[in-house]
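The values are calculated or read from the model by the stated rules, or taken from the named source; none is laboratory data. None of these values were measured; they are calculated from a predicted model. Using ideal geometry, Cβ is built from the backbone for each residue, glycine included, and neighbour counts are taken over all protein chains shown.
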């Protein structure tokens, strides 16, 4: 009886270990695929807050994608700074992406007076699409692309507008 118990414990341990190794390697492969995919600006269609849909492209200008949530304090500070220092990013396409509902995004634009920022587009993106396409997990997350669509830099967490402007 003890022999069976020892083998059962050993088998349970080995199965658990195999499951953990499989999970780790799967997650690592997924991260590598996302990193490779984001080396150039992936084609992705998003819904603008005015109801239009548009495809994210570089269009011959640097592109800055900022993934945010309206309730995030860091994102709110970044929005205030963006409103005050938007001239530093005047040469770039600015796109703020969020998985929040469109009415919440409209309120965010009004609250932080972002409609006055030239060249800024606000869009809703499905949370799963954001994760699968760009690897967005936490907010704020900033991706900066050169005019040719190649990745310049990625910032995870709150980032100053001057730091973003330096990477354009």
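Please determine whether any residue of region 134-156 is out of contact with any strand residue (DSSP E or B) (no Cβ under 9 Å at 6 or more places or on another chain) and surrounded by fewer than 16 Cβ atoms within 10 Å (Cβ to Cβ).
no
Could you please find all residues in region 14-53 being touching a residue at least 24 places away in the same chain (Cβ under 8 Å) and in a helix (DSSP H, G or I)?
Matches in region 14-53: 31, 34, 35, 37.
From the list 86, 19, pick out the single residue that is farther than 19 Å from residue 131 by Cβ and not assigned by TED's automatic domain parsing to the domain that holds residue 134.
After ruling out the rest, the residue left standing is 19.
State whether the residues of region 135-147 include one that is under 12 Å from the mean Cα position of the chain (by Cα) and at positive phi.
There is at least one residue in region 135-147 that is under 12 Å from the mean Cα position of the chain (by Cα) and at positive phi.
Which ones in region 71-83 are under 14 Å from residue 113 (Cβ atoms) and either within 14 Å of the chain's Cα centre (by Cα) or surrounded by fewer than 16 Cβ atoms within 10 Å (Cβ to Cβ) (or both)?
Hit for region 71-83 is 80, nothing else.
Among 100, 79, which is modelled with pLDDT of 90 or more, part of a helix (DSSP H, G or I) and in contact with a strand residue (DSSP E or B) (Cβ under 9 Å, 6 or more places away or on another chain)?
Answer to the selection: 79.
Determine which single condition residue 86 fails, assuming it passes every other condition in (1) touching a strand residue (DSSP E or B) at 6+ places or on another chain (Cβ under 9 Å); (2) surrounded by 14 or more Cβ atoms within 10 Å (Cβ to Cβ); (3) under 22 Å from residue 126 (Cβ atoms).
The one condition residue 86 does not meet is (3).
I'd like to verify a number: residues in region 123-154 that are under 20 Å from residue 89 (Cβ atoms), in contact with a helix residue (DSSP H, G or I) (Cβ under 7 Å, 6 or more places away or on another chain) and modelled with pLDDT of 90 or more, how many?
The number of residues fulfilling the criteria is 4.
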